[in-house]
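Here is the structure we will look at.
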Amino acid sequence: MKRAVLLNGLSEETFKLLDDLVLPEKAETTAYEDLIKQLDGYFSQEKLVLAERFNFYSAKKGKTESYSEYLARLNKGLAVYCEFGPFLKRVLRDKFITGLEAGPVLDKLLQEKVDVTVEKALQIAHLS
C-alpha cells in the first residue's frame, strides 16, 4: 500500500528516475523500503558548487518559457546549490537579464540602472 501511494504521488519525471534507479527491477515491483533508499541516495548526493554555478550561468530563457517560468527555474532550480548567499538577488537579476535573447525586452532592461531589482526586471520584461 505504501509503495502504491508513493508511486502515484511522484511526478512523471521522478517516477522515470526512480524506475531507472532500481534497474533491472521495476519500481512497481520493488519494496517500498528499497524505493526510499534509492531516492534518499540519489537526492542526498553532495552537490559540486562550481558545477552547479556552471549550469546556472549557462542557462538561457527557452523560446516557449515565460519570463516568470524562466526566473523560477533560475531561482528554485538552478541557484539552489550555488551558495550565492547574500548575493543571490543580485546574481539572479544579472542572470535573468543575460539569459534573454536579443530584442526589445533585453534592450529595455539594459537601459535600467544597476540598482534595479530582479522583481522590477521581471515586471519590465512582462510590460515590454
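Could you tell me how many of the residues in the stretch 1-58 are in a helix (DSSP H, G or I), within 16 Å of the chain's Cα centre (by Cα) and either charged (D, E, K, R) or over 30 Å from residue 70 (Cα atoms) (or both)?
3
Within the stretch 101-128, take every residue that is within 20 Å of residue 89 (Cβ to Cβ) and acidic (Asp, Glu) and give me the one that is surrounded by the most Cβ atoms within 10 Å (Cβ to Cβ).
112
Just give me the residues in the stretch 66-110 being modelled with pLDDT under 95 and either within 17 Å of residue 128 (Cα to Cα) or among the β-branched types (Val, Ile, Thr) (or both), in sequence order.
Correct list: 80 only.
Which condition does residue 87 not pass, out of (1) under 15 Å from the mean Cα position of the chain (by Cα); (2) surrounded by fewer than 16 Cβ atoms within 10 Å (Cβ to Cβ); (3) not small (Gly, Ala, Ser), if it passes all the others?
Only one criterion is unmet by residue 87, namely (1).
So, of the residues in the stretch 22-44 that are more than 23 Å from residue 80 (Cα to Cα) and among the small types (Gly, Ala, Ser), which turns out to be surrounded by the most Cβ atoms within 10 Å (Cβ to Cβ)?
27
Would you confirm whether or not the stretch 2-13 contains a residue that is closer than 26 Å to residue 99 by Cβ, in contact with a Leu (Cβ under 7 Å, 6 or more places away or on another chain), surrounded by fewer than 16 Cβ atoms within 10 Å (Cβ to Cβ) and not aromatic (Phe, Trp, Tyr)?
No; the residues of the stretch 2-13 include none that is closer than 26 Å to residue 99 by Cβ, in contact with a Leu (Cβ under 7 Å, 6 or more places away or on another chain), surrounded by fewer than 16 Cβ atoms within 10 Å (Cβ to Cβ) and not aromatic (Phe, Trp, Tyr).
On the basis of being without any contact (Cβ under 8 Å) to a residue 40 or more places away in the chain, over 23 Å from residue 54 (Cα atoms) and assigned by TED's automatic domain parsing to the domain that holds residue 71, does residue 105 make the cut? I'd like the intermediate steps shown before the answer.
Working: without any contact (Cβ under 8 Å) to a residue 40 or more places away in the chain: yes; over 23 Å from residue 54 (Cα atoms): yes; assigned by TED's automatic domain parsing to the domain that holds residue 71: yes.
Against the criterion (without any contact (Cβ under 8 Å) to a residue 40 or more places away in the chain, over 23 Å from residue 54 (Cα atoms) and assigned by TED's automatic domain parsing to the domain that holds residue 71), residue 105 qualifies.
The values are calculated or read from the model by the stated rules, or taken from the named source; none is laboratory data. Quick caveat, the model's predicted, so the values are computed rather than measured. A quick note on method: Cβ atoms are made from the backbone with ideal geometry, for glycine too, and the neighbour counts reach across all protein chains shown.
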